[in-house]
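First up is the structure itself, then whatever we jot down about it.
No lab work stands behind these numbers, since they all come straight from the coordinates. This one's a predicted model, so the numbers in the text were calculated from it and none came from an experiment. When we count neighbours, we look across all protein chains shown, and the Cβ atoms used for this are built from the backbone with ideal geometry, even at glycine.
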Ligand SMILES: Cc1cc2nc3c(=O)[nH]c(=O)nc-3n(C[C@H](O)[C@H](O)[C@H](O)COP(=O)(O)OP(=O)(O)OC[C@H]3O[C@@H](n4cnc5c(N)ncnc54)[C@H](O)[C@@H]3O)c2cc1C
Ligand SMILES: Cc1ncc(C[n+]2csc(CCOP(=O)(O)OP(=O)(O)O)c2C)c(N)n1
Ligand code: SF4
Ligand code: SF4
Ligand code: SF4
Ligand code: SF4
Ligand SMILES: [Mg+2]
């Protein structure tokens, strides 16, 4: 293999598994260390700069970082660091940070931007552009900002105070809001001669099921996301005692748990696929089951049963999943009798679609065969150079952190576009690599590896939670537990940096490394090299760090896979050929 | 400074026949200087014992005094250990081996511990062919007492703070050959590829097995004027040939060129392959070994690898015809069989 180019910022970025997996590339270990140090304000601001909604995300994030976390790979039944809930510790314990928010210039730059939809994507664009002096108008058909974070995510997961606070930080920068305003024509916005328009309208249309009996069942059958919105906006305050929720995603989990709080006693989730294939996150499923909600898998809905104009229940066909040679799944009926389940209400939570009936097709914004706008994956520009898309509106439903990541990139593009620079000219990330050496064997980070298993987040008593739909279920870590959970982090951003010219090939690093990451060996092609290491490098998603040739004509090969970042290699190296260096990687934002 | 090694190990570590990973043969975290050659030798011992699937509780590790003699703390944490007085490890092993012949005795010593204060003990353990592995971690100095020249320091070699050594060096392999050693090897701490199979072969050998391992002291004797530095050893080492060790239970998978390989079946059924052995050396002939060793020394080379092995070695127990059952396992009735037996013995002598 060729020597690894550690100057390429992506090399070390990838080693920080959590940050690399995070759509917004939040510098996770950096803020975890600040939490451990009790510097909650600083930890909060590191988050805020990158993901804009630390308090919200610390409760609701889809947390793609956690399955990626190195701690989950090191065996011994280890689970990932509770990254998401640590973020909440920073948000819960911070003091007033308003003085640390960016200053918005009095003197505007003369450019006017329209944001359609006030969800996390649009809010992020506003957050990045307001400090640069842009004039921003935001349009939303709801009475306040937040998008689906307000209308969909239930209060027992996300208290309204937390939402209001973090939405407020942005709107208070002087964004001109046009709430309760449905935009029914993009042309009407284009006419207002904005310098750029950002569409962040989400994927607002819930899918339904056209089954026999639907019409007769009438008002007892609801579209999940519409129903959740009407609960959030207090138009709906109760539901029948027996509720069937159709679907296996996170919306289904929110529907069933909300039902339990609005009078549902026999609430069931019925899903076509096997339990393991469900889209909902494992923790959402656990939380639902913890509230006494059974999840019935392998049942395909067939018919609404209605008698005397009143919904009685539904019929389901039992299936089993079969997988072909390519792993493609088909659900095959078992041939058993249809199963009847009684119900007073049915909530359909089987997915969302985008809908752009309000975008005229003669404005230069082209749509593809699935009726989705054609949007550049890097610049978020549509085929009309003035119009940008982001969040769920760009490529279909995802999650808050993805919407934020889109928002940052769209803001970069809009800023470039308004300064008449090519939007393809992406600014490079900001990186910094600094040694952590404090003395011969002293590091400025806590390199000892803790053995604690992942801590559980305490919860409010079940009875009480079910009585009050606004009572937050999770209580968050207290500072002491937060500290101990933070200490579980390996500090993967403190990189092992190798300098071949110093190495005397004494093997000390090889001998000390607890997880056998380091090998001195003859060079070979990657697949061969992976097998000739002290411990086989069988995780191809993790890179090998390969040195240039050493005096004995061997190379140093380090498998990044299960490095604990414990610093022992550097402590044992007599010549400081290894050094522990902290790598900071920040995605460049608009104007940087 | 870390005083503890993390408890996590690579989840894909290979397990041996006993179901143990290499980690099960490790010891406490080393307190030696960073980069000390001795730590690499500890690592090689761990690997050899793991790969041979030795039961840790069947091993006794013994040492004298010195940085080298501290290392038993850093490997085989689940085995028996004895830290003796300076230079007195051989006599403690002699006693232990006599009392319990069933353990594997692994002696670890330094060049000071062996070639200075312990010289007399060493000489007699060799000539008695005590069944043990004797590893000398040879750095040419007294590391623990701040790097004074030892008796193995080459003439003219200078340590970091010292003057060129005016005395001639004791060559431990040469001395051992002269004293009748039945297994003599030399290696380098920085070459585990060679050292690990040599340790395995030494473990399988019945009788006294010496491995003199050049092991740089990074702190006091790794300077350019020293002949025990990493660079000097790398530049001047010449291997007798390559050594491959196949434990008894394993199938031989490597293909060896006929005529160019010596194949030796060891006492325990394992097979030792010596490849590309230099033409002048017959490693089964003591005289040839002595000559080759001296020739290399004269040329300023450090001869490494297996230097000599007596395939028909008889260890101290064989020679003394001791009881097959370890002495410490004999009970009173075995040792004191009673009047009738005594009467028979007396009768046979009449
Ligand atoms: C039930 C449910 C639970 C969820 N839970 C989570 C979770 O826990 N964690 C997570 O990360 N994600 C969750 N999501 C997904 C997440 O809410 C969305 O991915 C995210 O909000 C998308 O952000 P956005 O900015 O693209 O648009 P949205 O948040 O959808 O905001 C778009 C806004 O635009 C408004 N709008 C749309 N069309 C128009 C128009 N024509 N005129 C004016 N206004 C308009 C909408 O009313 C809305 O306010 C959940 C989604 C649902 C449905
Ligand atoms: C009886 C006795 N005499 C002297 C000493 C002091 N002493 C301790 S270690 C040592 C030399 C150790 O040298 P070596 O065996 O080569 O070990 P190294 O530290 O080099 O590995 C000496 C002389 C002692 N501990 N005991
Ligand atoms: S251990 Fe810490 S730095 Fe490493 S991936 Fe997990 S959270 Fe990120
Ligand atoms: S930091 Fe060094 S010693 Fe620690 S696990 Fe990583 S490579 Fe091994
Ligand atoms: S410890 Fe340092 S000098 Fe020794 S082999 Fe490792 S990197 Fe090289
Ligand atoms: S003084 Fe020398 S022999 Fe002793 S631990 Fe340090 S490097 Fe090793
Ligand atoms: Mg010594």
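Distance between the C-alpha centres of the range A:63-118 and the range B:129-148: 57 Å, rounded to the whole angstrom. Taking all Cα pairs closer than 8 Å and separated by 6 or more residues, the relative contact order of chain A comes to 17 percent. The calculated FRET efficiency for residue A:525 paired with residue B:242, based on their beta-carbon distance and R0 = 25 Å, is about 0.55. Over the protein assembly as shown, dividing the summed -39,500 (n - 2.57) contributions of all DSSP H runs of at least 4 residues by the number of residues returns a 222 nm mean residue ellipticity of -8000 deg cm²/dmol. Computed on the Cα trace of the range A:375-467, the radius of gyration divided by the Kirkwood hydrodynamic radius gives Rg/Rh = 1.24. The relative contact order of the range A:207-350 comes to 32 percent, based on Cα pairs under 8 Å that sit 6 or more residues apart.
How long are the semi-axes of the equivalent ellipsoid of the range A:445-592, taking √(5λ) for every eigenvalue λ of the Cα gyration tensor, in whole Å from largest down? After diagonalising the Cα gyration tensor, the semi-axes are 41, 17, 17 Å.
For the range B:27-148, the orientation-averaged shadow of the C-alpha convex hull comes to 7.0 nm² (one quarter of the hull surface). Per-residue shielding of A:562-574, expressed as the average number of other chain Cβ atoms within 10 Å of the residue Cβ, stands at 4. Calculate how steeply helix A:250-261 sits against the longest principal axis of the alpha-carbon atoms of chain A, using the helix alpha-carbon long axis, and give the answer as 0 to 90 degrees to the nearest 10. Its long axis makes an angle of about 60 degrees. Nearest 10 degrees, 0 to 90: what angle lies between the long axis of helix B:339-349 and the longest principal axis of chain B (Cα atoms)? Compared with the principal axis, the helix lies near 80 degrees.
In this simple spin-label model, placing a label point 7 Å from the Cα along the Cα-to-Cβ direction at both residue B:344 and residue A:195 gives a separation of 11.3 nm.
The alpha carbons of the range A:130-248 give a radius of gyration and a Dmax of 18.0, 56 Å, in that order. Largest first and in whole Å, give the semi-axes of chain A's equivalent ellipsoid, each being the square root of 5 times a Cα gyration tensor eigenvalue. Over the Cα atoms of chain A, the semi-axes work out to 44, 32, 24 Å.
With neighbour counts taken as other beta-carbon atoms within 10 Å, the residues A:12, A:356 rank, fewest first, as A:356, A:12.
Counting, for every residue in B:32-38, the Cβ atoms of other protein chains within 10 Å of its Cβ and taking the mean gives 5. Beyond 23 Å, the tail of the calculated P(r) for the range A:207-350 holds 32 percent of the Cα pairs. Computed as a quarter of the hull surface, the mean projected area of the alpha carbon convex hull for the range A:285-373 stands at 11.0 nm².
When peptides B:146-156, A:67-77 are sorted by average Cβ neighbour count within 10 Å, with the highest value leading, the order is B:146-156, A:67-77. Ranked by the mean number of other Cβ atoms within 10 Å of their residues, highest first, the peptides A:273-284, A:412-423 fall in the order A:412-423, A:273-284. At the listed q of 0.07, 0.08, 0.09 Å⁻¹, the Debye profile of chain B, built from one uniform point per Cα, gives log10 I(q)/I(0) equal to -0.30, -0.39, -0.49.
Computed from Cα positions, the angle between helix A:40-51 and the longest principal axis of chain A comes to roughly 70 degrees. A full extension of the chain between residue A:334 and residue A:290 corresponds to an added length of 12.9 nm, given 0.36 nm per residue minus the alpha carbon distance. Peptides B:230-243, A:430-443 ranked from most to least packed give B:230-243, A:430-443, packing being the mean of other C-beta atoms within 10 angstrom over each peptide's residues.
Taking every residue in A:497-510 and counting other chain Cβ atoms within 10 Å of its Cβ, the average works out to 4. Projected label points at residue A:219 and residue B:99, each 7 Å from Cα along the beta carbon direction, are separated by 9.3 nanometres. Given R₀ = 22 Å, what would the calculated FRET efficiency be for residue A:440 paired with residue B:4, taking r from the Cβ atoms and rounding to 0.05? According to the calculation, E is roughly 0.80. Computed over the range B:22-320, relative contact order equals 17 percent, with contacts defined as Cα pairs under 8 Å that lie 6+ residues apart.
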